[in-house]
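To keep things clear, I will list the structure first and then write my remarks on it.
The values are calculated or read from the model by the stated rules, or taken from the named source; none is laboratory data. Being a predicted model, the structure only gives us computed values, none of them experimental. Neighbour counts are summed over all protein chains in view; Cβ atoms, including those assigned to glycine, are modelled from backbone coordinates with ideal geometry.
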């Protein structure tokens with residue numbers, strides 16, 4: 001705990017048996033509980049998670065997608081009375097050693113949300129981010145900052161921490177079950193005027209790390225544009241979208 005706040009790490013997992021233990025072993029002692037949700041992996045992710053001591057391990061009986069996995073993660077974390085919820089990918093792409101830096105600003109009331117940015121500094125390309133993904137990231141982030149009147153360095157990181165208040169007040173269950181879930185959630189957070197902080201985060205691209213292919217990246221990019229345009233249209237009161245009208 002920090003300042004009496006219960007800290008839970010959630011790990012949305014899919015075929016992560018090769019990297020899970022490495023990731024788990026670096027989680028610092030400030031974390032009170034770890035929850036892993038296995039999205040119907042074909043490997044031994046669930047069995048390994050139990051073996052290494054993860055407290056709560058859930059395995060979906062069918063693949064629900066990246067967004068669908070997160071919905072289960074956050075539901076369980078809230079049921080477990082978490083005050084701060086941090087999403088940590090078990091593929092070791094984001095270092096658990098930054099969990100304390102991600103958590104303290106929320107625990108001390110400075111921000112409602114913290115994100116580990118691969119773009120602050122020079123970590124993205126140095127860590128092996130493909131050039132086309134880097135260029136797309138920069139373009140989409142610029143577009144989103146303009147449309148959503150923000151100054152974030154990156155909207156597309158998977159390393160995020162949320163206060164309980166955020167997840168209790170955002171209708172994340174209505175979001176996509178696919179990768180655009182992350183962006184929809186961030187759009188909702190911005191629309192609800194929760195504060196967002198960022199820290200620089202090195203990242204690692206290697207064979208065992210999860211990454212979406214070019215076709216799914218294009219689909220994700222189109223989804224990001226949809227979220228940003230919907231946000232601006234609703235802010236102008238020209239139309240109401242399900243994504244925002246329940247906030």
### Task
Please give the number of the condition residue 197 fails out of (1) in contact with a helix residue (DSSP H, G or I) (Cβ under 9 Å, 6 or more places away or on another chain); (2) over 16 Å from residue 148 (Cα atoms); (3) surrounded by fewer than 18 Cβ atoms within 10 Å (Cβ to Cβ).
(2)
### Query
Does residue 174 qualify as being under 15 Å from residue 226 (Cβ atoms) and surrounded by fewer than 19 Cβ atoms within 10 Å (Cβ to Cβ)?
yes
### Query
Looking at the range 5-14, which of its residues are surrounded by fewer than 19 Cβ atoms within 10 Å (Cβ to Cβ) and part of a loop (DSSP other than H, G, I, E, B)?
6
### Task
Could you grab me the full set of residues in the range 128-151 that are farther than 30 Å from residue 233 by Cα, touching a residue at least 40 places away in the same chain (Cβ under 8 Å) and either under 17 Å from the mean Cα position of the chain (by Cα) or surrounded by fewer than 17 Cβ atoms within 10 Å (Cβ to Cβ) (or both)?
128, 130
### Query
Pairs, please: C-beta under 6 Å, at least 6 apart or cross-chain, first residue within 17 Å of residue 66 (Cβ to Cβ) and in the range 1-22, second at pLDDT below 95 and crowded, with 17+ Cβ neighbours inside 10 Å?
16/91; 19/91; 19/92
### Message
So if I check each of 166, 224, 180, which one is touching a residue at least 40 places away in the same chain (Cβ under 8 Å), surrounded by 18 or more Cβ atoms within 10 Å (Cβ to Cβ) and either under 21 Å from residue 111 (Cβ atoms) or in contact with a strand residue (DSSP E or B) (Cβ under 6 Å, 6 or more places away or on another chain) (or both)?
### Response
166
### Query
Residue check: is residue 86 buried (at least 23 other Cβ atoms within 10 Å of the Cβ), without any contact (Cβ under 8 Å) to a residue 40 or more places away in the chain and either over 17 Å from residue 33 (Cα atoms) or in contact with a strand residue (DSSP E or B) (Cβ under 8 Å, 6 or more places away or on another chain) (or both)?
no
#### Entry: Test: residue in the range 22-42 that is within 16 Å of residue 182 (Cβ to Cβ), modelled with pLDDT of 95 or more and buried (at least 22 other Cβ atoms within 10 Å of the Cβ)
yes
### Message
over 15 Å from the mean Cα position of the chain (by Cα) and either in contact (Cβ under 8 Å) with a residue 60 or more places away in the chain or on the phi < 0 side of the Ramachandran plot (or both): is that true of residue 119 in this structure?
### Response
yes
### Task
Kindly indicate whether residue 2 is in contact with a strand residue (DSSP E or B) (Cβ under 9 Å, 6 or more places away or on another chain) and modelled with pLDDT under 95.
yes
